[in-house]
Amino acid sequence: MTSLPVSKDSIPASELSKQYPSSIKSDLETLIPKSQDGRDKFFNNELRELTLTQDREVAKNKSGYISLQDFRRRVEAHSQDQVLSDTLGCDISNQEELTSFCQGSAYITKVRITYEIGDQGIAQLADALRSNNSLTSIVIWQGQIGDAGAKALAAALQENRTLKELLLPANRIGNEGAQAFAAALKVNTTLTALSLSGNSVGNEGGKLLAEALEVDQSLTSLSLFCNYYIHAEGVI
């Protein structure tokens, strides 16, 4: 086992092993070593993915969570192994800390964010993406990202040459954001998957993205599912 996806749960880590058969219990126990203070920590040295969540209820009781600063210390200690780690969730103290981490990290390849990072936060993350050369996947679900945040990410895509997957479902991106991504797709040569599902893209944005696909040679997946403002004329 190299992954344990648990979302919006407050189950203590020590209780999770009881819910799995003995055949995988040994694998599960390697995911949940004890920390010095006796609390359970999720950590696996064979993963390179950072998951950032901020469930309001779980945040009140941070059992099972580690701070981003603690996460940084742990992964830096293993930086020579060319492999990194995964956490159940990191408690974000501030956006600057996350941005600094992504900017300086040479080992994290995937970041998943499931909290309301907003346009201001995503703009800072986009700045880090310009110079980052290890991230291959960014997933931001329900991050309250609007056109301003989309424009910042699109601008970063014009400079970044390593990101392959950018999934932004259930945000607030409209035609202006879609236009920015369309422009980026004409320049970027590495992105293979872009998802704007569940946003507010309309016919104009759909047409611009379709036109960009005539130029783009790398994108193999474009998802516009559940953009209810797009009609037939927006994709033809």
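The values are calculated or read from the model by the stated rules, or taken from the named source; none is laboratory data. In this text, all values refer to a predicted model and were calculated from it rather than measured experimentally. We place every Cβ from the backbone using ideal geometry, glycine too, and count neighbours over all the protein chains shown.
Quick rundown of the values:
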read-out	value
Residue that is farther than 21 Å from residue 102 by Cβ and either of a type in the set (D, E, K, R) or modelled with pLDDT of 95 or more (or both), where the choices are 161, 172	172
Long-range neighbours under 6 Å by Cβ, at least six apart or interchain, first residue farther than 19 Å from residue 196 by Cβ and among the charged types (D, E, K, R) within the range 123-138, second exposed (fewer than 15 other Cβ atoms within 10 Å of the Cβ) and at pLDDT 90 or above	130/159
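This table checks each residue for (1) assigned to a helix (DSSP H, G or I); (2) of a type in the set (Ser, Thr, Tyr); (3) closer than 22 Å to residue 228 by Cα.
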| residue | (1), (2), (3) |
| --- | --- |
| 125 | yes, no, no |
| 135 | no, no, no |
| 142 | no, no, yes |
| 166 | no, no, yes |
| 173 | no, no, yes |
| 187 | no, no, no |
| 199 | no, no, yes |
